[in-house]
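Novice: First the structure, which I've put down as structure tokens, then a few questions once you've had a look.
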Amino acid sequence: MATVRKGSRRSKEAELMKQRFANQQEVTGEFAKTASAMATRQQKKRADLQKLKKDAYSSNEMAERIANVKKTGGESIDKQIIEQITARGNELAQAHIKAYGPDGSPEMIADYTKQKAQINKDLDDLTVFVGTLDAELEMRDKAIEDGTFIYETNENGQRIALEDDEQFKNGIFNGMSDVELTYDADGGGYSINPTAQHVANTMVGATPADISPINLGQYAENIRKNGTSYQQISPNAEMGMDAYGMNLIGGLAPQMTETITGAITTQPNPDFDPNKSPDPKTNPKEIKAKTGWKSTDINKAKEGLTNALLNQKGFKSFTNAQGQAIKLPPENQLWAQLQNAGYLEDIDISYDLTSQNQGQGKQNPKKTVSWDRYNNPDKEKILKQAYADYLIDTQFQSIDGGDVIEEDKTVQFTGKPPRPGG
């Protein structure tokens with residue numbers, strides 16, 4: 001016989017079922033909300049990543065670099081330059097995405113910043129080379145023409161053979177050029193290298209082994225520091241040598257110059273009347289006068305200058321009245337300028353390495369040796385001796401060609417004729 005449930009019990013069970021259903025609905029609703037939120041977050045994450053990629057590839061300035069890079073006329077090198085800028089731009093974009101993406105970290109951002117700086121420097125070096133080489137070659141030719149080009153010359157007086165390297169430079173942007181652009185990630189940066197085809201097309205009697213690759217980092221650094229990648233005497237070198245010398249001499253003047261005042265000397269009578277007979281009392285030819293002057297012994301001046309230069313390491317700089325530093329040209333330029341002007345001719349530039357335990361004995365280099373190839377450990381002393389000679393010749397004017405210079409002379413006539421025999 002079936003159990004008959006009473007109305008209140010059925011009502012209670014129905015209520016419980018209804019509550020369980022409501023709870024299930026609530027859980028299902030919360031799950032749906034969570035799933036929806038997760039989907040929204042994933043969608044936003046994908047959108048953010050897409051935007052990050054888009055920004056990384058569109059804002060790394062490589063398109064602008066490519067648009068502004070100068071076309072050289074050499075099809076091979078132009079193509080390689082564009083390829084390198086594109087490749088390094090992609091490399092930078094990928095590093096940016098990795099550093100700033102969802103898995104990025106402060107350390108990765110720091111690494112990216114360093115990588116970006118290195119890539120931009122490498123590409124700057126590349127574009128400096130492309131943008132300046134033509135002008136550089138013209139300036140070099142002009143320097144050779146006007147005598148300011150500094151040739152590398154060894155101690156035997158022989159110029160270091162750079163003809164093949166210079167010829168290689170001249171032909172890089174030639175329409176027939178076929179050079180190779182390489183990159184050394186270990187710090188060497190970009191280099192331009194000759195190929196066998198390039199040598200065959202543009203050079204005579206040379207092989208790729210005869211030619212030194214051009215390191216674009218070194219090239220760009222020389223351009224930034226010196227204005228050229230070759231050695232040249234600056235147009236302002238002589239002016240700098242004179243300005244420095246004047247300041248040096250000014251500081252040494254009390255040691256080199258004797259001031260004489262009130263000395264009694266015999267002087268021609270400024271009132272002598274040549275139309276009258278000479279008379280020691282009424283018309284004397286000479287009269288006594290008080291005189292004053294500065295007297296500089298050239299030999300003492302040279303000694304003082306040389307000692308002042310040798311008693312310091314390098315060349316101390318001075319400051320002018322405007323607070324600007326007065327410096328000499330770099331040593332290689334100073335050496336070449338003094339060399340060209342003949343100030344090494346009377347100086348013994350030989351040296352002995354025996355005392356240095358090198359066992360090479362006395363060396364007798366030619367006077368045409370360039371500064372960088374002069375191996376004398378005491379070559380700074382030789383340079384300073386030549387510069388001291390230059391200053392003596394240019395800053396001191398001896399009227400009679402003797403060893404004593406008299407200047408700032410003053411005469412005060414007494415009006416009295418000289419004493420007999422005086």
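The values are calculated or read from the model by the stated rules, or taken from the named source; none is laboratory data. Predicted model, so just to flag it, every value in this text is computed and none were measured. Here the Cβ positions follow ideal geometry from the backbone for every residue, glycine too, while neighbour counts run over all protein chains shown.
Novice: Return the residue satisfying two criteria in turn: it lies in the stretch 195-207 and is touching a residue at least 12 places away in the same chain (Cβ under 8 Å) and out of contact with any strand residue (DSSP E or B) (no Cβ under 8 Å at 6 or more places or on another chain), and of such residues it is surrounded by the fewest Cβ atoms within 10 Å (Cβ to Cβ).
Specialist: Step one: filter the stretch 195-207 for residues touching a residue at least 12 places away in the same chain (Cβ under 8 Å), giving 195-199, 201-203, 206.
Filter once more, so that each one left must be out of contact with any strand residue (DSSP E or B) (no Cβ under 8 Å at 6 or more places or on another chain): 196-199, 201-203, 206.
Values: 196: 10, 197: 15, 198: 25, 199: 23, 201: 14, 202: 20, 203: 18, 206: 17.
Checking each candidate, the answer is 196.
Novice: Could you check how many residues of the stretch 338-359 are surrounded by 12 or more Cβ atoms within 10 Å (Cβ to Cβ), at pLDDT below 90 and in a loop (DSSP other than H, G, I, E, B)?
Specialist: The qualifying residues number 1.
Novice: Hey, among the residues in the stretch 138-184 that are among the hydroxyl-bearing types (Ser, Thr, Tyr) and modelled with pLDDT of 85 or more, which one's farthest from residue 207 (Cα to Cα)? Let's see the steps before the verdict.
Specialist: Kept after step one, since they are among the hydroxyl-bearing types (Ser, Thr, Tyr), are these residues of the stretch 138-184: 148, 151, 153, 177, 182-183.
Filter once more, keeping what is modelled with pLDDT of 85 or more: 148, 151, 153, 182-183.
On the way: 148: 30, 151: 23, 153: 24, 182: 19, 183: 22 Å.
Only one residue fits best here, namely 148.
Novice: With respect to the numbered conditions (1) loosely packed, with under 10 Cβ neighbours inside 10 Å; (2) modelled with pLDDT under 85; (3) farther than 18 Å from residue 412 by Cβ, which one is the sole condition not fulfilled by residue 262?
Specialist: (3)
Novice: Out of (1) in contact with a helix residue (DSSP H, G or I) (Cβ under 8 Å, 6 or more places away or on another chain); (2) assigned to a helix (DSSP H, G or I); (3) modelled with pLDDT under 80, the odd one out for residue 104 is which?
Specialist: (2)
Novice: Have a look at 87, 99 and point out the one that is assigned to a helix (DSSP H, G or I), surrounded by fewer than 20 Cβ atoms within 10 Å (Cβ to Cβ) and not polar (S, T, N, Q). Working first, answer last.
Specialist: Working: 99 fails: surrounded by fewer than 20 Cβ atoms within 10 Å (Cβ to Cβ).
So the residue among 87, 99 that is assigned to a helix (DSSP H, G or I), surrounded by fewer than 20 Cβ atoms within 10 Å (Cβ to Cβ) and not polar (S, T, N, Q) is 87.
Novice: Let me ask another. Report, by residue number, each residue of the stretch 213-235 that is hydroxyl-bearing (Ser, Thr, Tyr) and either at pLDDT below 85 or assigned to a helix (DSSP H, G or I) (or both). First the steps, then the outcome.
Specialist: Filtering the stretch 213-235 for residues hydroxyl-bearing (Ser, Thr, Tyr) gives 219, 228-230, 234.
219, 228, 229, 230 - these are the residues of the stretch 213-235 that are hydroxyl-bearing (Ser, Thr, Tyr) and either at pLDDT below 85 or assigned to a helix (DSSP H, G or I) (or both).
Novice: Taking interchain pairs and intrachain pairs at least six residues apart, which have beta carbon atoms under 9 angstrom, with the first residue in the stretch 104-128 and closer than 20 Å to residue 68 by Cβ and the second among the acidic types (Asp, Glu) and not in a helix (DSSP H, G or I)?
Specialist: Qualifying pairs under 9 Å: 120/61.
Novice: Among the residues of the stretch 61-74, are any of a type outside the set (Gly, Ala, Ser), modelled with pLDDT of 85 or more, surrounded by 14 or more Cβ atoms within 10 Å (Cβ to Cβ) and in contact with an Asp or Glu (Cβ under 8 Å, 6 or more places away or on another chain)? Give the derivation first.
Specialist: Narrowing the stretch 61-74 to residues of a type outside the set (Gly, Ala, Ser): 61-62, 64-66, 68-72.
Among the residues that remain, those that are also modelled with pLDDT of 85 or more are: none.
No, the stretch 61-74 contains no residue that is of a type outside the set (Gly, Ala, Ser), modelled with pLDDT of 85 or more, surrounded by 14 or more Cβ atoms within 10 Å (Cβ to Cβ) and in contact with an Asp or Glu (Cβ under 8 Å, 6 or more places away or on another chain).
Novice: Something else now. Here are some residues: 145, 107, 136. Which one is acidic (Asp, Glu), surrounded by 12 or more Cβ atoms within 10 Å (Cβ to Cβ) and more than 18 Å from residue 89 (Cβ to Cβ)?
Specialist: Numbers: 145 fails: surrounded by 12 or more Cβ atoms within 10 Å (Cβ to Cβ); 107 fails: surrounded by 12 or more Cβ atoms within 10 Å (Cβ to Cβ).
After applying the criteria, what remains is 136.
Novice: Kindly indicate whether any position in the stretch 272-286 is part of a loop (DSSP other than H, G, I, E, B), touching a strand residue (DSSP E or B) at 6+ places or on another chain (Cβ under 8 Å) and of a type in the set (A, V, I, L, M, F, W, C).
Specialist: yes
Novice: What about residue 123, is it among the hydrophobic types (A, V, I, L, M, F, W, C), surrounded by 15 or more Cβ atoms within 10 Å (Cβ to Cβ), at pLDDT 85 or above and in a helix (DSSP H, G or I)? Let's see the steps before the verdict.
Specialist: On the way: among the hydrophobic types (A, V, I, L, M, F, W, C): yes; surrounded by 15 or more Cβ atoms within 10 Å (Cβ to Cβ): yes; at pLDDT 85 or above: yes; in a helix (DSSP H, G or I): yes.
Spelling it out, residue 123 is indeed among the hydrophobic types (A, V, I, L, M, F, W, C), surrounded by 15 or more Cβ atoms within 10 Å (Cβ to Cβ), at pLDDT 85 or above and in a helix (DSSP H, G or I).
Novice: Something else: For the stretch 214-238, how many residues meet the condition of being crowded, with 17+ Cβ neighbours inside 10 Å and farther than 12 Å from residue 133 by Cα?
Specialist: Residues flagged as crowded, with 17+ Cβ neighbours inside 10 Å and farther than 12 Å from residue 133 by Cα within the stretch 214-238 amount to 6.
Novice: Output the residue which, of all residues in the stretch 294-337 that are surrounded by 16 or more Cβ atoms within 10 Å (Cβ to Cβ), touching a residue at least 60 places away in the same chain (Cβ under 8 Å) and closer than 12 Å to residue 384 by Cα, is farthest from the chain's Cα centre (by Cα).
Specialist: 302
Novice: Taking residue 94, is it within 24 Å of the chain's Cα centre (by Cα) and farther than 30 Å from residue 206 by Cβ? So that I can check it myself, show each step before the final result.
Specialist: Numbers: within 24 Å of the chain's Cα centre (by Cα): no; farther than 30 Å from residue 206 by Cβ: yes.
In short, no.
Novice: In the stretch 170-185, which residues are surrounded by fewer than 19 Cβ atoms within 10 Å (Cβ to Cβ) and under 25 Å from the mean Cα position of the chain (by Cα)?
Specialist: 170, 181, 182, 183, 184, 185
Novice: For the stretch 132-171, give me the residue count where each residue is free of Cβ contacts under 8 Å to residues at least 12 places away in the same chain, in a helix (DSSP H, G or I) and not charged (D, E, K, R).
Specialist: 2
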